[in-house]
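K.L.:
First the structure, then my questions, so here it is.
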Amino acid sequence: MILSPSLLSADFARLAEELAALEAAGVAWLHLDVMDGAFVPNITFGPPLIKALRPLSGLFFDVHLMVEDPARHLAAFAAAGADMLVVHAEADRHPQRTLCAIRELGCKAGVALNPGTDVSAVRWLAADMDMLLVMSVNPGFSGQAFIPASFAKLRAARRLLDENGGENVLIQVDGGVCPENAAALQDAGADVLVSGSAFFGHKPYKTRLAAFAAACAGREPRPALKAATGWK
């Protein structure tokens, strides 16, 4: 299991300290939610913030683009220091081309699916992506309740990827993730867990990370997950 804490739930007045605390706790990934106020009803931040944080941290920057026409912004986010760029299937008319462009920029490439979007949307994209993000809440705001149907969706996503050459594609789940459901999410097919308020709201971070790890203990990670630990 890889835990990717969501920056939106961090203390924005102390971001440098927050990043240092995450690294000291043993966290390896950071989830950065970019919202444009159009694709989702909220506005967060853009490349300048990521560029400012990049020199301060060795964390893997997992950048989730909740924006319309994401292909327009790929180069700016890659230059700012993103390690992975995840675009929404619902926001991009040509996702295969966009995924190839992300990889050409030197980043890992991912596709995100809203709760109402079927996993069949990525059937022919398995060869072009490194990760599939299954949203277990409707994107736009942190602190929402987990949608129970997401368990079945995760299982369907894992089957679809495995049947279409995507055995090495990671599955990430975002929304309502906590230690109490972490094991069930992993059993359903999730490799990477995004947690916002359920992580940042429980200090110290080392103890909270240990709680997630303990919840998933005894489960052998898939080979693709082992490989992903060396992405950065």
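K.L.:
Which of the lysines could a cross-linker bridge to Lys108, judged by Cα under 18 Å and excluding same-chain residues fewer than eight apart?
P.N.:
The reachable lysines, counting only those whose Cα sits under 18 Å from Lys108, are Lys51, Lys226, Lys232.
K.L.:
Can you match Cα extents along the principal axes in Å to one of these, (1) 59, 39, 34; (2) 42, 40, 33; (3) 52, 38, 36, based on a calculation from the structure here?
P.N.:
Computed from the coordinates, Cα extents along the principal axes in Å corresponds to (2).
K.L.:
For Thr117, what accessible area in Å² do you get when you roll a 1.4 Å probe over the heavy atoms of the protein chains, rounding to the nearest 10?
P.N.:
The value for Thr117 is about 30 Å².
K.L.:
Aspartates and glutamates within cross-link reach of Lys153: Cα-Cα under 16 Å, excluding same-chain residues under 8 positions apart?
P.N.:
Partners found: Asp118, Asp162, Glu163, Asp174, Asp187, Asp191.
K.L.:
Given a Förster distance of 30 angstrom, what is the FRET efficiency for Phe141 paired with Arg97, based on the Cβ-Cβ distance and rounded to 0.05?
P.N.:
Approximately 0.50, to the nearest 0.05.
K.L.:
How large a share of the accessible area of the chain, in percent, is made up of carbon and sulfur atoms when the probe is 1.4 Å and the other protein chains stay in place?
P.N.:
Whole-percent figure for carbon plus sulfur exposure: 54.
K.L.:
Moving on. Per residue, how much accessible area does the range 2-229 have with a 1.4 Å probe, in Å²?
P.N.:
On a per-residue basis, 41 Å².
K.L.:
While we're on this one: How long are the semi-axes of the equivalent ellipsoid of the range 110-200, taking √(5λ) for every eigenvalue λ of the Cα gyration tensor, in whole Å from largest down?
P.N.:
So the equivalent ellipsoid measures 22, 13, 11 Å along its semi-axes.
The values are calculated or read from the model by the stated rules, or taken from the named source; none is laboratory data. Computed from a predicted structure; not experimentally measured. Please note: Cβ atoms are built from the backbone with ideal geometry, for glycine as well, and neighbour counts cover all protein chains shown. We work out accessible area using only protein heavy atoms, side chains counted, and drop any ligands, DNA or RNA first. Shrake-Rupley method; radii C 1.70, N 1.55, O 1.52, S 1.80 Å.
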